[in-house]
Amino acid sequence: MTRTSRSFRSTATLAAVAALGLLATACGGDGDSTDTAGDGKPVTLTYWTWTLGAKSTVEAFNRTHQDIKVELTEIPSGTEGYSKLANAVQAGNAPDVATIEYQMVPEFASQGNLIDLTEYAGETVKTKFPQAVQDLVTFGGKTWTVPYDAAPQLYYYRTDLFKKFGIEVPTTWDEFKAAAEKVRKQDKNARLASMPKNDPALLAALSWQAGAKWFSVERDAWKPAVDDAATNKVTSYWDGLIEDDLVQSYTGYSPEETKARTSGRTLSFLGATWSAGAMKTAMPDLAGKWAVAPMPHWGTAASGNYGGTSYGVLKGSDQAEAAAEFITWLTTNKAGVESRLADLESPSSALPANPGMREVAAAKFDTAYLNGQDLYALASEQAETIVPGWTWGPNQMDVYTAVQDQTAKSDFTSGVEAGQRKAESGITERGLKLAK
């Protein structure tokens, strides 16, 4: 097995499939599709997402397709967005197509929220994506979603401010702390970075990078370890930085967080490939002042996957075939990838999971904001350092909520302890086996 094929390995073994309850009889929809408006008019698909570049993508698809028309609705990202999707499925008014991040695919599939796409997109996933990426969306011999991007962690920093404070780009977390101390010593109002308490996906990625494994499978039973030793190393590190006032803790994606970056009070931030697109619209006046580097590590170059999205068809849709055609165009068609990057209002900088589309994305992405730096070359290199062996759990959304809620009340260490309790209780409540 090559290193590339190991990078995103989610250990979707038969044991994991059994633990998800997806063997023999799948919990998802049967994928029956009429794919006709009944009156000779184009099929209309509803599409819910929060991803950048969605508007221009939908516009481009609608211009070039006569038999299918897509209606876009933007929803929040994170737990709020997934709650909306799950509630819509329960209410019978779910969209045909939705963005599903990799960490949510097992949960949505096992809860019956997704239609089995094997008939419509199984061959596309099998032939267009590396095996390890396939493993993120395929369980029990069934294809549940189609991958779009990979999201290795990246470190963004202000080149002008690093020069002003006389600091080098940190390559390890020890160097990061030393740089944070130097910034605070020179300016009581500035900090090296901010660590948001409302972004459990970031905490998961940092834990992943450190070698954590929040979930694993023993035979046909789930074994959660949200508060394992590697995770506690990460939480203790960030709790310490916050307690010592070496980093800020603004609410993630808030106006306050953005203002701190634009004003120079925050010198850098922890992100992924997709972060660069949002920077163009949130901080347009800082073009040419930002650069990107590998994420600091614990001694050996490593990364976690911070996000990464796929597209699924939700239970209740009677247009799975048309939906799969739209999804295939989004993920594997040159025009689809180019249109997502062409959105000037919400430009995307996602790294396609389909290797054949990475050069397309790189050629379309405007590198001027990062002063000519090749974002896609760096991201592709970092994708090779993603630590293998990570498994997403069957109740990931509830675990994220528990981590986020408790962290907001206290600290990251107590947050992952709450996440572990929720992981254990949630597995049992769903009728799945909990390893002893």
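The values are calculated or read from the model by the stated rules, or taken from the named source; none is laboratory data. As the structure is a prediction and not an experimental result, all values here were calculated from the model. Ideal geometry is used to build each Cβ from the backbone, glycine not excepted, and the neighbour counts take in all protein chains shown. These area figures cover heavy atoms from the full protein model, side chains too; ligands, DNA and RNA do not enter into them. Shrake-Rupley method; radii C 1.70, N 1.55, O 1.52, S 1.80 Å.
Considering only segment 223-232, I want to know if a residue exists there that is of a type outside the set (Ser, Thr, Tyr), under 18 Å from ASN395 (Cα atoms) and in a strand (DSSP E or B). If you could, list the steps in order and put the result at the bottom.
Restricting attention to segment 223-232, the residues satisfying the condition of being of a type outside the set (Ser, Thr, Tyr) are 223-230, 232.
Narrowing further to those that are under 18 Å from ASN395 (Cα atoms): 223-228.
From what is left, the residues that are in a strand (DSSP E or B) are 223-224.
There is at least one residue in segment 223-232 that is of a type outside the set (Ser, Thr, Tyr), under 18 Å from ASN395 (Cα atoms) and in a strand (DSSP E or B).
Sort through ALA178, ALA205 and tell me the only one that's of a type in the set (A, V, I, L, M), in a helix (DSSP H, G or I) and open to solvent by 40 Å² or more (accessible area, probe 1.4 Å). Before you say what the answer is, go through the steps one by one.
On the way: ALA205 fails: open to solvent by 40 Å² or more (accessible area, probe 1.4 Å).
After applying the criteria, what remains is ALA178.
Under 8 Å between Cβ atoms, at least 6 apart or on separate chains: pull out the pairs that start in segment 147-170 with a residue that is of a type in the set (Gly, Ala, Ser) and end on any residue that is open to solvent by 30 Å² or more (accessible area, probe 1.4 Å).
ALA151/TRP274; GLY166/LYS182
Please give the helices (runs of 4 or more DSSP H) falling wholly within segment 359-430 in which 3 or more residues are surrounded by fewer than 21 Cβ atoms within 10 Å (Cβ to Cβ) and over 22 Å from the mean Cα position of the chain (by Cα). Steps first, please.
Details: elements: 375-383, 396-409, 412-429.
Result: 412-429.
Identify, from the list TYR157, TYR148, the residue that is closer than 25 Å to TRP329 by Cβ, of a type in the set (Ser, Thr, Tyr) and modelled with pLDDT of 95 or more. Please lay out each step first, then the result.
On the way: TYR157 fails: closer than 25 Å to TRP329 by Cβ.
Sole residue among the options that is closer than 25 Å to TRP329 by Cβ, of a type in the set (Ser, Thr, Tyr) and modelled with pLDDT of 95 or more: TYR148.
Take the residues in segment 298-353 that are β-branched (Val, Ile, Thr) and surrounded by fewer than 22 Cβ atoms within 10 Å (Cβ to Cβ); name whichever of them is farthest from ASN62 (Cα to Cα). Don't jump to the end; show me each part of the working.
The initial filter retains those residues of segment 298-353 that are β-branched (Val, Ile, Thr), namely 300, 309, 313, 327-328, 331-332, 337.
If we keep only those that are surrounded by fewer than 22 Cβ atoms within 10 Å (Cβ to Cβ) as well, we get 300, 328.
Details: THR300: 47, THR328: 14 Å.
Checking each candidate, the answer is THR300.
Are there any helices (runs of 4 or more DSSP H) wholly within segment 1-84 with 3 or more residues that are surrounded by fewer than 20 Cβ atoms within 10 Å (Cβ to Cβ) and modelled with pLDDT under 95, and if so which? Lay out the reasoning, then the answer.
Working: elements: 3-7, 14-20, 54-64.
Those helices (runs of 4 or more DSSP H) span 3-7, 14-20.
Of all residues in segment 239-265 being in contact (Cβ under 8 Å) with a residue 40 or more places away in the chain, touching an Asp or Glu at 6+ places or on another chain (Cβ under 9 Å) and more than 25 Å from SER414 (Cβ to Cβ), which is least open to solvent (accessible area, probe 1.4 Å)?
GLY264
Select, from ALA402, ALA423, the only residue that is touching a Pro at 6+ places or on another chain (Cβ under 7 Å) and at pLDDT 95 or above.
ALA423
Looking only at segment 306-337, count every residue that is of a type outside the set (A, V, I, L, M, F, W, C), touching a Phe, Trp or Tyr at 6+ places or on another chain (Cβ under 7 Å) and over 19 Å from ALA272 (Cβ atoms) and tell me the total. Outline the logic, then answer.
Taking segment 306-337 and keeping what is of a type outside the set (A, V, I, L, M, F, W, C), we get 306-312, 315-319, 321, 325, 328, 331-334, 336.
So of that shortlist, the ones also touching a Phe, Trp or Tyr at 6+ places or on another chain (Cβ under 7 Å) come out as 307-312, 321, 331, 336.
With over 19 Å from ALA272 (Cβ atoms) added as a condition, the list becomes 312, 321, 336.
Residues that pass the stated criteria total 3.
Please list, ordered by first then second residue, the pairs with beta carbon atoms under 7 Å, 6 or more apart or interchain, first in segment 119-134 and under 13 Å from PRO355 (Cα atoms), second outside any helix (DSSP H, G or I) and open to solvent by 30 Å² or more (accessible area, probe 1.4 Å).
Once the first residue is under 13 Å from PRO355 (Cα atoms) and sits in segment 119-134, its partners that are outside any helix (DSSP H, G or I) and open to solvent by 30 Å² or more (accessible area, probe 1.4 Å) give VAL125/THR138; ALA132/ARG9.
For TRP290, indicate whether it is under 30 Å from LYS233 (Cα atoms) and either open to solvent by 10 Å² or more (accessible area, probe 1.4 Å) or at pLDDT 95 or above (or both).
Working: under 30 Å from LYS233 (Cα atoms): yes; either open to solvent by 10 Å² or more (accessible area, probe 1.4 Å) or at pLDDT 95 or above (or both): yes.
When the stated conditions are applied, TRP290 passes them.
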